[in-house]
């Protein structure tokens, strides 16, 4: 068994550029290395021994495809990384314990004291918190900006601006960012663009074509797909940046369990068919909600009525099951809580991307946009539409709306 050759980039090149769905099934799979096993096995490794001192020294350099230390990666991790990098169209991928760690590693590995970072104010809440409340202690200057300004980000660039972080659609608010416009400005100034592409997955967006230098995913969501694993990925092209980020992840202790890498890789195989069903169900539910008298607006860029639909249509090839909606102004928070509590098929939970449908009532603080000043008419809800029958999901929403004490009478 020659498992240690799995990390070689030539292995991925041998597959050729087949259709995305085919690459999804076969990426990172090398039965010839594992006595015919179609799934790469789990390598539970911490200590790695060597035959002699020279080999130990060679391992300490962490060459591709060579075991050095469990936390630095195993053939299980390499298989996942190869599959994700190929799907995204990048040369390199790092498997990490969360999507959040992918953003943090990008900042900590590539920015230093005195650098300036621009962060869209609609990114995942913990990223905003880290950038606004923690990075200053490290000498980093993080500035939030309105995600809708596109090329207008040029007015915010300083001589020491090193990185721009975006997320589109935005977290909870689902507003769209013109990423190609941001990227064009960034690259004119030698600035890196880091994007949280969790919503899109590797299948619904061509990150390199949009000018994204580093693409980050919370594989906990659709890549894993079964609500039983926490994983993140970080993909990029540049060899030097890859080495910096790889060492940063190692030095900061961001190691992914090989069991979690295996689960993420297993979930990845069915991502395409799952996303198709998620989108189909979500469209049915979202269009039904648009017709409800209690609803002020459905937050779903895949719908023609959404303000971000034109950008979504240009940059994305599909949607998933995650979107939101806003109640009309006469609906109180108490009534909204009653609606959420009355749901039976939709489960109350913070995450998304699994097979199940979830609901979350957004807190005022979680949807606060310090720069853009996003102000919904009434309380807002996030839904993840799962793989259940959409008629059952609509019936559940309908009975929960009826349970609201000050619900608008149905038309």
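Values in this text are rule-based calculations from the coordinates and carry no lab data. The structure displayed is predicted, hence computed values, not measured ones. Note: ideal-geometry Cβ built from the backbone for every residue, glycine included; neighbour counts use all protein chains shown.
Mind ranking 196-207, 159-170, 307-318 by how tightly packed they are, going by the mean number of other C-beta atoms within 10 angstrom, highest first? Mind showing how you got there, number by number?
Details: 196-207: 23.4, 159-170: 21.9, 307-318: 16.7.
My ranking of the peptides, most packed first, is 196-207, 159-170, 307-318.
Between residue 291 and residue 113, what FRET efficiency comes out of the Förster formula 1/(1 + (r/R0)^6) with R0 = 51 Å and r the beta carbon distance, rounded to 0.05? It would help to have the intermediate numbers written out before the result.
On the way: r = 54 Å, r/R0 = 1.06.
Once the sixth-power term is evaluated, E becomes 0.40.
Given a Förster radius of 30 Å and the C-beta distance between residue 189 and residue 371 as r, what FRET efficiency does 1/(1 + (r/R0)^6) yield to the nearest 0.05? List each step's numbers first, then the result.
Numbers: r = 20 Å, r/R0 = 0.67.
Calculated value: 0.90.
Roughly how tilted is helix 390-402, in degrees to the nearest 10 and between 0 and 90, from the longest Cα axis of the chain?
Result, in degrees: 50.
How tilted is helix 258-268 with respect to the longest principal axis of the chain? Cα atoms for both, answer in degrees (0 to 90, nearest 10).
60 degrees
Report the gain in length on full extension from residue 19 to residue 252: 0.36 nm times residue separation, minus Cα-Cα distance, nm rounded to one decimal. Kindly include the intermediate steps, with their values, before the conclusion.
Values: separation 233, 0.36 × 233 = 83.88 nm, distance 3.68 nm.
Working it through step by step, the gained length comes to 80.2 nm.
Which part of the stretch 68-100 falls in the paramagnetic zone of residue 47, meaning amide N under 20 Å from the point 7 Å along Cα-to-beta-carbon?
68-75
Quick one: length gained pulling residue 338 to residue 391 fully straight, 0.36 nm per residue minus the C-alpha distance? Could the numbers behind the result be given before it?
Numbers: separation 53, 0.36 × 53 = 19.08 nm, distance 2.16 nm.
Separation in residues times 0.36 nm, less the Cα-Cα distance, equals 16.9 nm.
Where the centre of each part is set by its Cα atoms, how far does the stretch 196-231 sit from the stretch 263-341, in angstrom?
Using only Cα atoms, the two centres lie 18 Å from each other.
Mark the label point 7 Å from the Cα of residue 330 along Cα→Cβ and return the residues of the stretch 272-299 whose backbone N is within less than 15 Å of it.
292-296
Using only Cα atoms, find the angle between the long axis of helix 271-290 and the longest principal axis of the chain, and express it within 0 to 90 degrees, rounded to the nearest 10.
On a 0 to 90 degree scale, this one is about 20.
Roughly how far apart, in whole Å, are the Cα centres of the stretch 376-401 and the stretch 116-175?
Measuring centre to centre over Cα atoms gives 31 Å.
Given a Förster radius of 35 Å and the C-beta distance between residue 35 and residue 71 as r, what FRET efficiency does 1/(1 + (r/R0)^6) yield to the nearest 0.05?
Values: r = 26 Å, r/R0 = 0.75.
With R0 = 35 Å, the Cβ-Cβ based efficiency is 0.85.
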